[in-house]
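The block underneath contains the structure these notes are about, expressed in structure tokens.
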Amino acid sequence: MPHCIVEHSASLDGELILPLVFSGAMKSALFEADGSDIKVRSIAYQRYLTGQAASDFVHVVLKILAGRTLEQKQMLSTSVLAKLKKLELPRCSLTVEVVDIERASYSKWVSES
């Protein structure tokens with residue numbers, strides 16, 4: 001855990017964004033020390049509106065199991081955003097949100113083969 005879902009405008013290179021999100025999640029120290037539980041994936045959007053002017057965007061949703069404090073969630077969000085800022089993208093909106101997954105309703109299975 002977490003599931004890091006990166007939504008971004010298709011004009012941006014997801015291959016540059018994904019490692020930064022991973023690095024920001026690692027820096028938070030809220031997850032496995034080797035990062036083995038951090039899953040990062042991206043969705044590039046060809047069609048979108050960002051108000052009246054065309055501009056790029058990156059929006060990251062960090063889905064984590066419930067139980068973390070507000071301070072931990074804020075630190076995680078800030079850590080990921082700080083990494084994304086290193087891209088220095090002109091006219092680009094960068095946003096990060098942390099969403100709790102209810103433990104009672106979360107199911108997981110990993111295939112061994």
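Taken together, the values in this text are just the output of simple stated rules run on the coordinates, not laboratory data. Everything numeric in this text was worked out from a predicted model, so none of it was measured. Note: ideal-geometry Cβ built from the backbone for every residue, glycine included; neighbour counts use all protein chains shown.
Residues of the range 65-100 that are in contact (Cβ under 8 Å) with a residue 40 or more places away in the chain, farther than 21 Å from Asp13 by Cβ and among the aliphatic types (A, V, I, L, M): Leu65, Met75, Leu76. For the range 13-33, taking the residues that are over 20 Å from Gln72 (Cβ atoms) and of a type outside the set (A, V, I, L, M), the one that is surrounded by the fewest Cβ atoms within 10 Å (Cβ to Cβ) is identified as Glu15.
For the range 1-20, the tally of residues that are touching a residue at least 12 places away in the same chain (Cβ under 8 Å), part of a loop (DSSP other than H, G, I, E, B) and over 28 Å from Arg68 (Cβ atoms) stands at 3. Is one or more of the residues making up the range 66-76 farther than 16 Å from Met1 by Cα, charged (D, E, K, R) and surrounded by 10 or more Cβ atoms within 10 Å (Cβ to Cβ)? Within the range 66-76 (the criterion being farther than 16 Å from Met1 by Cα, charged (D, E, K, R) and surrounded by 10 or more Cβ atoms within 10 Å (Cβ to Cβ)), the answer is no, since none of the residues qualifies. With respect to Ala10, determine if the residue is hydrophobic (A, V, I, L, M, F, W, C) and exposed (fewer than 12 other Cβ atoms within 10 Å of the Cβ). In short, no.
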